[in-house]
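Structure first, then comments.
No lab work stands behind these numbers, since they all come straight from the coordinates. Being a predicted model, the structure only gives us computed values, none of them experimental. Cβ placement follows ideal geometry from the backbone for every residue including glycine, while neighbour counts extend to all protein chains displayed.
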Amino acid sequence: MDLQTIAKGQTVYPISAIRNNRALIQSVQMALNQMGFTAGRADGVWNQSTDTAFQAFVQRYGFRPGEISPRVARFIISSVGVSTPVPTPSPVPPRPIPTPTPPRPTPTPTPQPSGNIFNEALRFSLRWEGGYVNHPNDIGGETNKGVTASTYASYRRRKGLPNQSVRYITDAEVHEIYLDMYWRPANCDLKTRALAIVHFDTAVNFGVRGSTMFLQEVLGLTVDGSYGPMTRDALSRANNSATARRYCQARIDYRYRRVSQDNSQRVFLNGWLNRDNDLLRYISNIS
């Protein structure tokens with residue numbers, strides 16, 4: 001049994017049940033070390049250093065302590081790849097460069113609060129959206145800076161402007177579209193900084209209704225895509241960074257389901273996971 005097997009299954013393994021699986025423990029130790037949680041030497045022994053590092057990891061990212069679940073395994077694999085234990089511990093090979101998605105940006109540094117969370121959220125999302133894209137397998141179709149051709153056409157109609165290709169969208173139009181058609185309709189201003197950034201990026205990536213559905217899933221509500229009183233009430237009790245971290249993990253879980261249902265989308269998986277994990281790292285540094 002290894003991390004890939006756990007990730008593909010539905011079984012949750014208590015730490016006590018894997019203590020004799022040296023190869024699996026070595027993989028976990030190597031991953032923890034690479035993610036910055038000091039597990040010590042990757043020797044396949046679940047010792048105090050490993051246990052302390054694992055507890056810090058689950059607390060940081062909102063997982064249940066004392067167990068390795070499919071969600072934990074998928075998170076580790078998507079973050080650092082699959083560590084292959086060898087007699088002498090060696091560095092984990094780097095993840096392959098995602099293709100045909102744009103090259104992975106340098107991990108986004110988390111700045112201090114600037115007073116304008118919308119601008120901060122927009123900067124993060126635009127780093128990942130890139131420029132003009134028209135990939136034949138992308139269900140979203142033609143986009144530029146994350147704005148689809150249909151969204152741009154709708155925006156210009158409302159403004160009384162003639163239709164034109166999204167290829168020619170201006171920075172001012174991008175700012176206005178994201179503020180008026182994503183940030184405000186998704187009620188991002190009702191959320192704390194970390195959660196607002198995650199919710200906005202999800203609205204950009206999945207649509208406003210899609211972001212509401214993710215939020216409802218994370219809050220344990222019936223998922224209907226309607227941002228009503230029950231959603232607002234549940235949010236008022238969980239408007240915090242822990243919810244934002246669970247939200248990121250829900251996105252990662254969805255990516256795997258998506259490619260299992262439609263294999264044509266697998267070409268985008270690495271790019272999607274890179275974005276989700278960068279978002280998780282970014283908001284995890286927000287106090």
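Here are some notes:
- From least to most packed, judged by other beta carbons within 10 angstrom and beginning with the fewest, Met213, Met35 follow the order Met35, Met213.
- Note on segment 254-287 and segment 215-243: Cα centroid distance 21 Å, given to the nearest whole angstrom.
- Mean residue ellipticity (222 nm) of the chain, computed from DSSP H runs ≥ 4 via -39,500 (n - 2.57), nearest 500: -16000 deg cm²/dmol
- The chain: most fluctuating residue of Arg71, Arg237, Arg127 per GNM, C-alpha cutoff 10 Å: Arg237
- Most mobile listed residue (Tyr61, Tyr182, Tyr132) in the chain, GNM with C-alpha springs under 10 Å: Tyr132
- Residues of type aspartates and glutamates that Lys159 reaches as a straight line, Cα spacing below 12 Å, ignoring anything fewer than 8 places off in the same chain: Glu173, Glu176
- Degrees between helix 117-129 axis and first principal axis of the chain (Cα, 0 to 90, nearest 10): 80
- Straight-distance crosslink candidates among aspartates and glutamates, where the alpha carbon sits under 15 Å from Lys8 and sequence neighbours closer than 8 are dropped: Asp253
- Legend: ranking of residues Thr202, Thr170 from fewest to most surrounding C-beta atoms inside 10 Å; resulting order Thr170, Thr202.
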